[in-house]
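Report on the following structure.
The values are calculated or read from the model by the stated rules, or taken from the named source; none is laboratory data. Computed from a prediction, not measured in an experiment: that's the story for all the values here. Every residue, glycine among them, receives a Cβ derived from its backbone with ideal geometry; neighbour counts consider all protein chains shown. All accessible areas refer to the heavy atoms of the entire protein, side chains included, with ligands and DNA or RNA removed. Shrake-Rupley method; radii C 1.70, N 1.55, O 1.52, S 1.80 Å.
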Amino acid sequence: MSKDVLLKVCKIVSDEVGVTPKVLRSQSRKQQLVFGRMIFVIICRNKFNIKTNDIADYLGLTIGSIYAYLKNCSIELKHNAGFRKDYESILERINKNKALTKGNLKHSC
């Protein structure tokens with residue numbers, strides 16, 4: 001399940017950020033990409049309960065980086081209106097995506 005969800009969420013986030021999934025997964029430190037990765041991480045972790053290790057492997061990051069994204073994401077959501085707007089827009093698209101509804105997700109054993 002998690003690989004399929006990671007791919008679909010990455011596609012939606014990268015579309016909203018205006019880059020390809022490959023660029024979103026890059027090691028670039030451009031703020032737009034870092035914010036996109038932060039949103040990707042928090043949605044995968046909080047909405048789909050994907051393991052931190054799986055997210056780190058998918059993005060090519062350390063687990064420590066994932067935890068930093070999770071911590072910083074909550075700060076950005078509180079204090080950065082633009083970030084919050086992007087997060088809400090992406091979350092809305094994910095919620096409307098029929099392929100990401102519980103009934104359509106394949107569960108791994």
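Structure values in brief
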quantity: Residue tally, condition modelled with pLDDT under 95 and within 16 Å of E88 (Cα to Cα), over segment 19-35; calculated: 1
quantity: Single condition V9 does not satisfy, out of (1) open to solvent by 30 Å² or more (accessible area, probe 1.4 Å); (2) touching a Cys at 6+ places or on another chain (Cβ under 7 Å); (3) at pLDDT 95 or above; calculated: (1)
quantity: Residue match in segment 82-94 (condition: polar (S, T, N, Q), free of Cβ contacts under 8 Å to residues at least 60 places away in the same chain, part of a helix (DSSP H, G or I) and open to solvent by less than 60 Å² (accessible area, probe 1.4 Å)); calculated: no
quantity: Subset tally (residues that are surrounded by 17 or more Cβ atoms within 10 Å (Cβ to Cβ) and either among the aliphatic types (A, V, I, L, M) or in a loop (DSSP other than H, G, I, E, B) (or both)) for segment 30-43; calculated: 6
quantity: Tally of residues being in a helix (DSSP H, G or I) and surrounded by fewer than 21 Cβ atoms within 10 Å (Cβ to Cβ) across segment 44-57; calculated: 7
